[in-house]
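Student: Could you have a look at this structure, given as structure tokens, before my questions?
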Amino acid sequence: VDASEWDQRYAATELLWSKAANVFVAAEIEGLAPGVAVDLACGEGRNAIELAARGWRVTGVDFSAVALDKGRQLAAARGVEVDWRCTDVLTWSADEPADLVLIAYLQLAPPQRAQALRAAAGAVAPGGSLLLVAHDARNLVDGTGGPPYPEVLWTPAEAVLPGFEVRRAETAPRAVGELTAWDTVVHLRRPD
Ligand SMILES: C[S@@+](CC[C@H](N)C(=O)[O-])C[C@H]1O[C@@H](n2cnc3c(N)ncnc32)[C@H](O)[C@@H]1O
């Protein structure tokens, strides 16, 4: 799916995702001291805005200009600032090391997502976190939600990178109404 298709999806509805931060993102950032954060594939910015509200200096990166415009409006309504960048995460490079690099629900085929993950990992400062939340392959067999395409679904194992400490790496349940969606949740820390 390219940027113009994502633009069309975002233009077709007032809010494609939620205003509130993702439940796993909210849980994992709870214990982190605010610093510099990057939200890759930030969409309408629900997680970037939550981070900014908690005192982080946040850059939100996405290749959908329509999504970023909505993020700008949501951030203004909440009274927070986010540096929005309309860029492909596959060509993006960090301006500075980040204390947190977040990727939430990025849907790419394996070679591209490995590339995005490498770029994300390279941007993490010593002592900083890399947090990946994604639709997990388990949804194909007993979950709900997320795209029904095996090639864009993640597993925790592929996101556990050498040289990082593992704070969390699991396929975790997320309630969707009465149903369960399965998410890959991987939180890594770069040693000091
Ligand atoms: C499912 S949405 C998730 C948005 C956001 N992370 C969230 O959790 O609300 C996936 C996002 O990835 C973005 N995206 C997909 N491929 C991208 C790429 N190569 N570069 C930048 N953004 C990309 C889309 O525009 C879309 O906003």
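Student: Looking at this structure, is PRO126 more than 14 Å from the ligand (Cβ to nearest atom), touching a Ser or Thr at 6+ places or on another chain (Cβ under 7 Å) and at pLDDT 95 or above?
Tutor: Spelling it out, it is not the case that PRO126 is more than 14 Å from the ligand (Cβ to nearest atom), touching a Ser or Thr at 6+ places or on another chain (Cβ under 7 Å) and at pLDDT 95 or above.
Student: Is it true that some residue in the range 157-165 is within 14 Å of the ligand (Cβ to nearest atom) and among the charged types (D, E, K, R)?
Tutor: There is no residue in the range 157-165 that is within 14 Å of the ligand (Cβ to nearest atom) and among the charged types (D, E, K, R).
Student: Return the pair list, or none, for Cβ contacts closer than 6 Å from residues in the range 1-14 that are closer than 15 Å to TYR149 by Cβ and at pLDDT below 90 to residues that are assigned to a loop (DSSP other than H, G, I, E, B) and open to solvent by 70 Å² or more (accessible area, probe 1.4 Å), at least 6 apart or on different chains.
Tutor: The qualifying pairs do not exist here.
Student: State whether the residues of the range 77-84 include one that is of a type in the set (Phe, Trp, Tyr), near the ligand (Cβ under 9 Å from one of its atoms) and open to solvent by 20 Å² or more (accessible area, probe 1.4 Å).
Tutor: No, the range 77-84 contains no residue that is of a type in the set (Phe, Trp, Tyr), near the ligand (Cβ under 9 Å from one of its atoms) and open to solvent by 20 Å² or more (accessible area, probe 1.4 Å).
Student: Regarding PRO148, is this residue open to solvent by 30 Å² or more (accessible area, probe 1.4 Å), at pLDDT 95 or above and not hydrophobic (A, V, I, L, M, F, W, C)?
Tutor: No; evaluated as a whole, the condition is false for this residue.
Student: Please give the number of the condition ALA41 fails out of (1) open to solvent by 30 Å² or more (accessible area, probe 1.4 Å); (2) on the phi > 0 side of the Ramachandran plot; (3) touching a residue at least 60 places away in the same chain (Cβ under 8 Å).
Tutor: (1)
The values are calculated or read from the model by the stated rules, or taken from the named source; none is laboratory data. This structure is a prediction, so every number in the text was calculated from the model and none was measured. As a convention, Cβ positions derive from the backbone with ideal geometry for all residues, glycine included, and neighbour counts pool all protein chains shown. What goes into the accessible areas is simple: the full protein's heavy atoms, side chains included, and nothing from ligands, DNA or RNA. Shrake-Rupley method; radii C 1.70, N 1.55, O 1.52, S 1.80 Å.
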